[in-house]
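Worksheet: one structure, shown below.
Since every read-out is calculated from the coordinates, none of them should be taken as a lab result. Keep in mind that this is a model prediction, so the values were computed, not measured. All Cβ positions, even for glycine, are placed from backbone atoms using ideal geometry, and neighbour counts span all protein chains on display.
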Amino acid sequence: MKNKQPSFYEEVKEGGISRKDFLKFCTTMAALLGLESSGIGQIVKALDSKPRLPVIWFHFQECTCCSESFIRASHPIVASIVLDKISLDYQETLMAASGYQAEEAYKAVMAKYPGEYIVMVEGSIPTENEAYCCIGGKSALQILQEAAKNAKAVVAWGNCASAGCVQAASPNPTGAQPVHKVISGKPIINVQGCPPIADVMAGVVVHLLTFDRIPQLDELGRPKAFYSRRVHDTCYRRANFDAGLFVESFDDEGAKRGYCLYKMGCKGPVTYNSCGIIKWNDGVSYPIQSGHPCIGCSEAGFWDNGPFYQHLPSIAGFGIETTADKIGVGLGVATAVGVAGHAIVTNIRKHREITNAPAAGSEIETPKES
Amino acid sequence: MRSRTLPMREVHVWELPVRLYHWINALCVTALCITGFLIGNPLAFMKGTEAYLNYWFGTVRFIHFVTAFLFFFNFIFRIYWGFVGNEFSRWYNFIPLKRCQWKEIINVIKVDVLQITNKQIDSIGHNSLASLIYFVTFLIFLLQCLTGFGMYAAMSNAFLPKLFAWVVPFLGGDMQVRQLHHILMWGFILFALVHVYLVFYHDYIERRGVTSSMIGGWKFIEEDVIERHENRSEDCPKD
């Protein structure tokens, strides 16, 4: 029996992708997802036979950098997955429809594939005043809740949807919240990063398509295949860290020799992502390779953990440049002054005690009674 | 020459395990603070060399991690000893649940901190204020172990660190955990400053040999204090 909808492979074949390229793509994806070799077959089978994934893709408070990253995926098939092969029935940036037709498109998906469609979200949701983000007369929160109700899963693209990103940075004027704070009872995949790596996004989609379930997630809801290692632990400059070779300013000898950027405020040691492995733009480079410290864009609250070029974050309420160390030294000095003061008083007391003590051989001093 | 003749007795206050705990802890905290400081803000004293020739920073981190394990087990041991040790090392000394402990805390503040009265503090082991402070340091120890092993968990497959894998998600990210770990380190440094000063202070003022008591275990205690200690009211925990 012929599928009601064309399968993914049928779709790409029409687009001029050869069987060989298709298989290459499946192999790459299996490798990215960390599957064993039998996984390749599963991916091939899934993409060969399964109908396309119905997807509704929302843009809320965001900059569209996730979409931009996605459509620049290194492998041509990833790009075609993204652009036409998952059923992007509603994607505000890429769809041709607008206005009434667009609204109809996503309502149609919700009606036609209840419990099957995936909701993908870019951007955070304002809760301070829902009017900050309205589409077609409905607030972001309403739209998301409505769409998520019958969704199979929700994919939160990027830091905005996963953790709030810059909109949620202090003082968070719009009360921006990530998806997992406003939606409950649905599997939510946080694909972190600002933006996430395109191949990571593709990997998540392929996983959903192949296995019909969400990938294994860590405690923060991120796919383990891509977010279980720190950038630091997979960084090619790591040897310089262990050797104690550090860049101290952007133009110094160390910077030229490619030393570790730890002292330049690199957030690699506190950031979980695969930048060091998959890299960006077809594996060309990633920030650290280009000589810039990691800013930790795939971690919650990375805007507030700044400044970017300072190793220890500033402490709110103490001014921009105040770190734990500065406060610590201040408290240490205060303690030393307190101790010195106390010691002076103690010595005055002690001196009085010695002068009042009986001379040797005189009567036994009776202990002071309370 | 001035001298004093007090009716005093020697009391075995700190048992050997308590003393061992104390010194292991002191060494660990010193090593952890020094290496921790270096890890937080490494010295960039090497230039113009290649990574494969050096490993000093790796060694600093190695020392930090090994010492952390020692510190952790030493801490666990001290908690255990709080249930089996002598009356001065028992857990109930450290948590002021009784009225008389709070009374003593106020007295200690008046006598030793503000020095406004000259009442005698009877306690033979720790006084109640010191005990409360030690309880707070124990909480800091606990938090330091949680945050430390929490960060360590991501790079280890061992059973113990894995038990702490929930800490990072719980606190929202490695950055938050690292920041907390760093701030708590200052708690240790400030504690050490005051602790060492107070050892000198008590030795100087009370003349009970408190400094050497942590080496030999014995303290000189006035006869009348011991008498009152033995006849203390029932509602008050020992010492």
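Of A:Phe25, B:Phe73, how do they rank once you tally other Cβ atoms within 10 Å and put the fewest first?
On the way: A:Phe25 23, B:Phe73 12.
Fewest-to-most ranking of A:Phe25, B:Phe73: B:Phe73, A:Phe25.
Just to be sure I follow: if Rg is taken over the C-alpha atoms of the range B:124-239 and Rh is the Kirkwood radius over the same atoms, what is Rg/Rh? Mind dumping the intermediate values first?
On the way: Rg = 20.0 Å, Rh = 17.3 Å.
Dividing the radius of gyration by the Kirkwood radius yields 1.15.
Between B:Arg99 and B:Glu10, how high is the FRET efficiency from 1/(1 + (r/R0)^6) when r is the Cβ-Cβ distance and R₀ = 25 Å? Nearest 0.05.
Values: r = 31 Å, r/R0 = 1.22.
My answer for the efficiency is 0.25.
Under 10 Å, Cα contacts only: if you run a Gaussian network model on chain A, which one of A:Lys326, A:Lys279, A:Lys267 comes out with the highest mean-square fluctuation?
A:Lys326
For the protein assembly as shown, what is the percent of antiparallel DSSP beta bridges, rounded to the nearest 5?
On the way: 15 of 34 bridges.
Of the beta bridges lying entirely in the protein assembly as shown, close to 45 percent run antiparallel.
Please report the base-10 log of the normalised intensity I(q)/I(0) for the range A:178-295, using a Debye sum with one equal scatterer per alpha carbon and no solvent, at each q in 0.18, 0.20 (1/Å).
-0.91, -1.04
Give me the percent of DSSP beta bridges within the range A:8-226 that run antiparallel, rounded to the nearest 5. Present the calculation step by step, with values, prior to reporting the outcome.
On the way: 6 of 24 bridges.
Approximately 25 percent, going by the DSSP bridge assignments.
Give me the one-decimal Kirkwood hydrodynamic radius in Å for the protein assembly as shown, with the sum taken over alpha-carbon pairs. Present the calculation step by step, with values, prior to reporting the outcome.
On the way: mean 1/r = 0.0348 Å⁻¹.
When all Cα pairs of the protein assembly as shown are included, the Kirkwood radius is 28.7 Å.
If the only charges are +1 at each Lys and Arg Cβ and -1 at each Asp and Glu Cβ, what is the size of the charge dipole of the range A:232-290 around the Cα centre, to the nearest 20 debye?
Numbers: 7 positive and 7 negative charges, 23 e Å.
Dipole size: approximately 100 debye.
Provide the descending list of Cα extents for the range A:232-290 along its principal axes, expressed in whole angstroms.
Principal extents (largest minus smallest coordinate, Cα): 29, 20, 17 Å.
Taking chain B as the reference, fit the longest principal axis to its C-alpha atoms, fit the long axis of helix B:174-206 to the helix C-alpha atoms, and give the angle between the two in degrees, 0 to 90, nearest 10.
30
Can you give the FRET efficiency to the nearest 0.05 for A:Glu116 and A:Tyr309, using r as the Cβ-Cβ distance and R₀ = 41 Å?
Numbers: r = 47 Å, r/R0 = 1.14.
About 0.30, to the nearest 0.05.
What number in nm² do you get for the range B:17-195 if you take the convex hull of its Cα atoms and divide its surface by four?
Values: hull surface 54.0 nm².
Projected over every direction and averaged, the Cα hull of the range B:17-195 covers 13.5 nm².
Using only the Cα atoms, what convex hull volume per residue in Å³ does the range A:8-226 have? Mind dumping the intermediate values first?
On the way: hull volume 23.8 nm³, N = 219.
In the range A:8-226, the Cα convex hull volume per residue is 109 Å³.
Quick one: if the Förster radius is 60 Å, what FRET efficiency do B:Ile215 and B:Met155 give, using the C-beta to C-beta distance and rounding to 0.05? Present the calculation step by step, with values, prior to reporting the outcome.
Working: r = 39 Å, r/R0 = 0.65.
So the FRET efficiency works out to roughly 0.95.
For A:Val109, B:Val199, B:Val29, which order do you get if you count the other beta carbons within 10 Å of each Cβ and list the fewest first? Can you show the working numbers first?
On the way: A:Val109 24, B:Val199 14, B:Val29 21.
If I rank by nearby Cβ atoms, fewest first, I get B:Val199, B:Val29, A:Val109.
Tell me the mean residue ellipticity at 222 nm calculated for the protein assembly as shown from its helices only (DSSP H runs of n ≥ 4, each -39500 (n - 2.57), averaged over every residue, nearest 500).
Calculated at 222 nm, the ellipticity per residue is -15000 deg cm²/dmol.
Taking 7 Å along the Cα-to-C-beta vector as the label spot, tell me the A:Arg257-A:Glu219 distance in nanometres, rounded to one decimal.
Result for the modelled spin labels: 3.8 nm.
Within 10 Å of each residue's Cβ, count the other Cβ atoms and sort A:Met264, A:Met120 from fewest upward. Before the final figure, lay out the partial values.
Working: A:Met264 23, A:Met120 32.
Final ranking by Cβ density, sparse to dense: A:Met264, A:Met120.
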